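Take a look at the structure below.
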Amino acid sequence: MQTIKLSLCVEDMDLYPRNQVDSTHVGYIFEAMKSGADMPPIIVESKGFRIIDGFHRWRAMCKMHGPDAEAEVIVKTYKNKSDMFLDAVKYNASHGRNLSENERTRCLIKAEEFKISTLKIAGIMNITMAKVGKMKDTKIAMLKMNDHEEKVALKRPVVHFAGQTI
C-alpha cells in the first residue's frame, strides 16, 4: 500500500476493459462512501500510476474529496501493457459490476491487439472456448475508415453486420 494524491492516478482507457465509465455506478459508490462504507483500494501500476482496477471508485473519491486528496492505493509492477490489461480484465471479471457481453467481446479484440492468447483471455474472463468462438463469429465486425481498419464489438441491434467490413 502507498498513499498518493488522487490527481496522480491516470485513467488509461486503452487498459480499461469496459466501454465507458458508468456515471450512475460512480454515483452509487459516492453515496455508499458518504454513508461510511469501506471501499477496496484502487490498484495502480508503479511507473505512471495508471489505474488497473477502480475507475469508478477513483471518480467517486475525487467527487467526494477532490483530486488533491490522498488515498491509499495498491501499487503493482508489470512487465508490459499486456500484463496490465490482463490484470484489469481479471479484476473486472471477478468482482463489482459484471462485464457485459459487448465488453467481453471488446476484451477479446483488445487481447488480440496485445498479442494475448485467446485461451488465456477466455480463462481470465471465465468463459469457455466455445463461447469465445461464438462471440467471434456473431459479435465482431471490421470497421473501415479511410485507410484504417479495426475490429469492433457489435451491440445487439447491429449484430447482423458480424463478420463484415462496414
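The values are calculated or read from the model by the stated rules, or taken from the named source; none is laboratory data. Since the model is a prediction, treat every value here as computed from it, not as a measurement. Counting neighbours? That spans all protein chains shown, and the Cβs are built from the backbone with ideal geometry, glycine included. Protein only, heavy atoms only, side chains kept; ligands, DNA and RNA dropped before computing areas. Shrake-Rupley method; radii C 1.70, N 1.55, O 1.52, S 1.80 Å.
Quote to one decimal, in nm, the extra length available between THR165 and THR128 on full extension: 0.36 nm per residue of separation minus the C-alpha distance between them. Provide the component values of the computation, followed by the final result.
On the way: separation 37, 0.36 × 37 = 13.32 nm, distance 2.65 nm.
Roughly 10.7 nm would be gained on extension.
Taking the highest mean first, how do the peptides 45-57, 8-20 order by number of other beta carbon atoms within 10 angstrom per residue? Intermediate results must be reported in sequence, preceding the final value.
Details: 45-57: 20.2, 8-20: 16.2.
So the peptides 45-57, 8-20, ranked by packing, come out 45-57, 8-20.
At R0 = 25 Å, how high is the FRET efficiency between THR118 and SER23 if r is their beta carbon distance? Nearest 0.05 is fine. Show your work: numbers first, answer last.
Values: r = 32 Å, r/R0 = 1.29.
For R0 = 25 Å, the calculated efficiency reads 0.20.
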Where a Cα-Cα gap under 17 Å defines reach, which lysines qualify for LYS63, not counting those fewer than 8 residues away within the same chain?
LYS5, LYS34
Residues in the range 72-108 reached by a label modelled at GLN2 [backbone nitrogen below 20 Å; 7 Å Cα→Cβ]:
72-88
Which ³J(HN,Hα) values, rounded to whole Hz and listed in residue order, are derived for the range 52-64 from phi using the Karplus coefficients 6.51, -1.76 and 1.60 in 6.51 cos²θ - 1.76 cosθ + 1.60 with θ = phi - 60°, glycine and proline given as x?
9, 9, x, 3, 5, 5, 4, 5, 5, 5, 4, 5, 7
State, to one decimal in nm, how far the label point of ALA69 lies from the label point of GLU149, with both points 7 Å from Cα in the Cβ direction.
4.8 nm
Simple label model, 7 Å out from Cα along Cβ direction - ASP14 to TYR78, nm:
1.1 nm
From the phi of every residue in the range 84-94, what ³J(HN,Hα) in whole Hz does the Karplus formula 6.51 cos²θ - 1.76 cosθ + 1.60 yield, where θ is phi - 60° and glycine or proline is x?
5, 4, 4, 5, 4, 5, 4, 5, 6, 8, 10
Carbon-plus-sulfur fraction of the accessible area of the chain, 1.4 Å probe, in percent?
52 percent
Under-5 Å amide H pairs with ILE140, H placed in peptide plane, nonlocal only
LEU154, GLY163
Lysines near LYS134 by alpha-carbon distance under 19 Å, same-chain residues fewer than 8 away left out - which ones?
LYS110, LYS120, LYS151, LYS155
State, as an integer percentage, the relative contact order of the chain based on alpha-carbon contacts under 8 Å between residues 6 or more apart.
21 percent
Rounded to the nearest 500, what is the 222 nm mean residue ellipticity of the chain from helices alone, with -39500 (n - 2.57) per DSSP H run of 4+ residues and division by all residues?
-12500 deg cm²/dmol
Ignoring ligands, DNA and RNA, what accessible area per residue does the chain give at 1.4 Å, in Å²?
56 Å²
Checking the cross-link filter: which aspartates and glutamates have an alpha carbon closer than 18 Å to that of LYS90, excluding same-chain neighbours under 8 positions apart?
GLU11, ASP12, ASP14, GLU45, ASP53, GLU101, GLU103, GLU112, GLU113
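Placing +1 at every Lys and Arg Cβ and -1 at every Asp and Glu Cβ, with all other atoms neutral, what dipole size does the chain have around its Cα centre, in debye to the nearest 20?
On the way: 26 positive and 21 negative charges, 102 e Å.
Around 480 debye, computed over the chain.
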Using all Cα-Cα distances in the range 1-66, what percent lands in each 10 angstrom bin from 0 up to the longest?
21, 55, 24, 1
